[in-house]
Amino acid sequence: MESMTTQSDIDAAAWKALEDSIIYYCGHPVGTVAARDPDVEALNYNQCFVRDFVSSALIFLMNGQTEIVRNFLVETLALQSETKQMDYFNAGQGLMPASFKVATSYGEQYLTADFGEHAIARVTPVDSSLWWIILLRAYVKATGDIALAHQPEFQKGLILILKLCLADRFDMFPTILVPDGAFMIDRRMGVYGHPLEIQALFYAALRSARELLAPSRQGEIYTLIVNQRLSTLNYHIRKYYWLDIKRVNEIYRYRGEEFGEAAVNKFNIYPESIPYWLTEWMPEKGGYLAGNLGPAQMDFRFFAVGNLMAIICSLSSPQESQGIMDLIEQRWDDLVGNMPMKICFPAVEGLEWKILTGCDPKNVPWSYHNGGNWPVLLWMLVAAAQKTGRKEIGRRAIEIAEKRLCHDQWPEYYDGKNGRLIGKEARKYQTWTVAGYLVGKALLDNPSHLSLFSFDEDLESLEWSYHQMA
């Protein structure tokens with residue numbers, strides 16, 4: 001009985017923290033602030049970040065509070081049309097802002113957005129636009145309000161994002177080429193190129209867009225383009241990003257400098273690039289999708305968001321999805337430890353840390369983005385566990401989080417190899433930490449909520465890929 005009361009108190013505290021974070025614009029709720037730490041200067045944590053709001057939006061949708069999500073979608077869409085400029089250079093159309101805040105001038109409220117021009121290192125977020133499409137689809141699934149998505153301004157916004165993502169470029173791969181710091185890892189961490197997180201979000205956004213495009217001539221054209229990209233992207237990730245002990249052995253015996261269509265080592269990955277830790281760490285059963293892939297580059301680190309979202313949106317095959325969950329289960333102490341879960345594993349240290357991060361003092365080994373534990377990932381872990389029929393993994397993760405999150409005042413992240421330390425510079429009352437916990441609990445209580453943001457196997461795309469490869 002005491003345990004039940006404690007859980008009830010934690011849930012009540014979480015809901016209060018979430019409701020206290022709501023931003024109002026002209027009397028209407030439009031989002032949630034990133035954090036409400038009373039002891040630290042707000043900086044941009046008093047703004048609503050698109051990626052941060054997703055977990056808040058999901059729990060609002062699950063709880064029937066749809067107005068705030070609709071308002072958020074409408075207002076961020078209006079911000080998309082603003083001119084994005086830094087040092088007199090205009091950015092491409094279609095960008096969604098990293099964040100926005102409510103400002104007041106002469107007694108009138110207005111929204112002001114940041115597209116990365118004020119961010120640390122001035123990096124534009126690639127993931128905001130992708131999360132926006134995924135959230136629009138979740139809203140439509142929760143409310144049945146497809147009419148909102150079919151409004152001309154929403155169709156225009158949707159197509160602008162698709163144009164930005166599907167544009168012709170100097171690249172032979174179906175994946176999106178992005179710079180360091182363009183997503184949840186928003187600082188230099190050696191993740192430039194074709195990072196898995198963006199590819200998983202890109203795939204989910206394309207799946208969402210296909211459902212949201214209105215039945216018109218333009219919609220039909222973009223549906224064809226989206227279908228083709230989905231097929232090639234799905235094939236590319238499953239074939240080339242997958243890592244298990246069998247695949248590591250294949251890479252270990254690769255010959256370099258292969259030329260022509262018959263080349264086995266298509267990306268010229270050198271066997272010497274396999275890190276020593278991987279040969280000891282990779283279990284006999286299970287595996288995961290590599291963090292990045294490009295010319296002579298395979299990032300062997302495990303990245304949580306990319307792998308969990310790959311399961312959720314069926315970018316990974318059913319067998320690969322089970323393999324990822326096998327790995328998480330067998331390497332639980334490394335990837336979950338005392339707080340679900342590590343954003344990436346392992347941390348980069350020594351000279352590698354200096355080169356990859358530029359000696360970033362915030363991303364020292366086993367802290368922040370460099371091997372820190374992020375409670376917001378709880379909802380993705382629970383969702384992936386449910387999607388693969390491994391509910392006990394999600395339940396176990398929630399039980400670990402309940403022991404500390406509320407007592408620690410909902411920190412942004414935890415430090416240390418096992419996540420035992422509250423992050424050195426972590427904000428307290430971090431909203432997506434609160435929302436991530438609530439979404440995880442809601443998924444355990446009602447598994448049907450998973451349909452808001454998950455996808456089944458895309459049999460149409462798989463069939464197209466099979467015929468193309470035959």
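The values are calculated or read from the model by the stated rules, or taken from the named source; none is laboratory data. Keep in mind that what you see is a predicted model, and the values were worked out from it rather than measured. Methodologically, a virtual Cβ is constructed for each residue, glycine included, from the backbone with ideal geometry; neighbour enumeration extends over all protein chains shown. The area values use the complete protein model at the heavy-atom level, side chains included, leaving out ligands, DNA and RNA. Shrake-Rupley method; radii C 1.70, N 1.55, O 1.52, S 1.80 Å.
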Report task. Report relative contact order for the chain in percent, whole number only (criteria: Cα-Cα under 8 Å, sequence separation at least 6). Result -> 16 percent
Report summary line: segment 174-239 and segment 288-317 have their Cα centres apart by a whole-number Å value of 13 Å
Requested in this report: Rounding to the nearest 20 debye, state how big the charge dipole of segment 1-79 is about its Cα centre with +1 on each Lys and Arg Cβ and -1 on each Asp and Glu Cβ.
Outcome: 340 debye
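Net charge around GLY190, counting only other residues with Cβ within less than 12 Å of its Cβ (Lys, Arg = +1; Asp, Glu = -1)? It would help to have the intermediate numbers written out before the result.
Details: positive: ARG187, ARG188, ARG301, LYS354; negative: ASP180, ASP299, GLU352, ASP360.
Combined, the nearby Lys, Arg, Asp and Glu give 0.
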Query raised in the report: Which whole-Hz ³J(HN,Hα) couplings does segment 176-186 yield from phi under the Karplus relation 6.51 cos²θ - 1.76 cosθ + 1.60, θ = phi - 60°, glycine and proline marked x?
Result: 8, 8, 9, x, 4, x, 9, 8, 4, 7, 9
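Ignoring ligands, DNA and RNA, what accessible area per residue does the chain give at 1.4 Å, in Å²?
Working: 20540 Å² over 470 residues.
Heavy-atom SASA per residue in the chain reads 44 Å².
Lys and Arg at +1, Asp and Glu at -1: add these up for the other residues within a Cβ distance under 13 Å of ALA214 and post the number.
Details: positive: LYS156, ARG210, ARG217; negative: GLU153, GLU211, GLU220.
With Lys, Arg at +1 and Asp, Glu at -1, the net is 0.
Calculate what fraction, in whole %, of the accessible area of segment 237-385 sits on carbon and sulfur atoms when a 1.4 Å probe is rolled over the protein chains. Don't skip to the end; give the middle numbers.
Values: 3070 of 5700 Å².
The value for segment 237-385 is 54 percent carbon and sulfur by accessible area.
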Query raised in the report: Using helices alone, what [θ] at 222 nm do you get for the chain, with -39,500 (n - 2.57) per DSSP H run of 4 or more residues, divided over all residues and rounded to the nearest 500?
Result: -14500 deg cm²/dmol
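Using a 10 Å cut-off on Cβ atoms, rank the peptides 252-259, 14-21 from the highest mean neighbour count down. Could you put the intermediate results ahead of the total?
Values: 252-259: 10.8, 14-21: 17.6.
Sorting 252-259, 14-21 by mean packing, highest first, produces 14-21, 252-259.
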Query raised in the report: So how far apart, in nm, are the two label points at ASP20 and ARG122 if each is 7 Å from Cα heading toward Cβ?
Result: 3.8 nm
Report task. Determine the shape class of segment 206-340: with a ≥ b ≥ c the square roots of the Cα gyration tensor eigenvalues, call it rounded for a/c under 1.5, and otherwise prolate if a/b is greater than b/c, oblate otherwise. Result -> oblate
Requested in this report: Using amide H atoms built 1.01 Å from N in the peptide plane, name the residues 5+ places from ILE422, or on other chains, whose amide H lies under 5 Å from its own.
Outcome: ASP415
Report task. For segment 411-428, just list the computed ³J(HN,Hα) in residue order, Karplus coefficients 6.51, -1.76 and 1.60, θ = phi - 60°, integers in Hz, with x standing in for Gly and Pro. Result -> x, 5, 7, 10, 10, x, 4, 10, x, 8, 9, 5, x, 4, 10, 5, 6, 8
Report task. Could you tell me whether the chain comes out rounded, prolate or oblate from its Cα gyration tensor? Rule is a ≥ b ≥ c as square roots of the eigenvalues, rounded for a/c under 1.5, then prolate if a/b exceeds b/c, otherwise oblate. Result -> rounded
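How would segment 265-356 be classified by its alpha-carbon gyration tensor: rounded, prolate or oblate, with rounded meaning a/c under 1.5 and the a/b versus b/c comparison settling the rest? Write out the running numbers ahead of the final one.
Working: a/c = 1.67, a/b = 1.21, b/c = 1.38.
Oblate, since a/c reaches 1.5 and b/c is not below a/b.
In the neighborhood of GLY287, defined by Cβ-to-Cβ distances under 9 Å, what is the net charge if each Lys or Arg adds +1 and each Asp or Glu adds -1? Before the final figure, lay out each step's value.
Working: positive: LYS246, ARG247, LYS285; negative: ASP244, GLU320, ASP326.
Taking every Cβ under 9 Å from that of GLY287, the sum is 0.
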Query raised in the report: Just going by the charge dipole of the chain, with Lys and Arg at +1 and Asp and Glu at -1 on Cβ, which of ASN90, GLY256, PRO38 is farthest out on the positive end?
Result: GLY256
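Determine the dipole magnitude for segment 216-360: charges of +1 sit on the beta-carbon of Lys and Arg, -1 on that of Asp and Glu, nothing else is charged, the reference point is the Cα centre, and the result goes in debye to the nearest 20.
Details: 14 positive and 18 negative charges, 95 e Å.
So the dipole magnitude of segment 216-360 works out to roughly 460 debye.
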Query raised in the report: Dividing the convex hull volume of the Cα atoms of segment 26-174 by its residue count, what figure in Å³ per residue is obtained?
Result: 160 Å³
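How about segment 67-156: which chymotrypsin sites (Phe, Trp or Tyr not before Pro) there are in a DSSP loop, with at most 10 other Cβ atoms within 10 Å of their Cβ?
When the chymotrypsin sites (Phe, Trp or Tyr not before Pro) of segment 67-156 are filtered for loop state and at most 10 Cβ neighbours within 10 Å, TYR88, TYR106 remain.
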**Report entry** Cβ charges +1 (Lys, Arg) and -1 (Asp, Glu), total dipole of the chain, debye
**Finding:** 340 debye
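Could you please state how large a percent of the accessible area of segment 53-144 is carbon and sulfur, counting protein chains only and using a 1.4 Å probe?
Details: 1870 of 4000 Å².
Exposed carbon and sulfur together represent 47 percent of the surface.
Quickly rank 242-249, 29-36, 419-426, 315-322 as a protection proxy: mean count of other C-beta atoms within 10 Å, highest first.
Numbers: 242-249: 16.1, 29-36: 24.2, 419-426: 18.5, 315-322: 20.0.
Sorting 242-249, 29-36, 419-426, 315-322 by mean packing, highest first, produces 29-36, 315-322, 419-426, 242-249.
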Report summary line: Along the dipole axis of the chain (charges at Cβ: +1 for Lys and Arg, -1 for Asp and Glu; origin at the Cα centre), the most positive-end residue among ALA149, HIS194, TRP379 is HIS194
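Report the FRET efficiency, 1/(1 + (r/R0)^6), for SER317 and GLN151, where r is their Cβ-Cβ distance and R0 is 41 Å, rounded to 0.05.
Working: r = 36 Å, r/R0 = 0.88.
E(calc), rounded to 0.05, equals 0.70.
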**Report entry** MET282 accessible area, assembled protein chains, probe 1.4 Å, Å²
**Finding:** 10 Å²
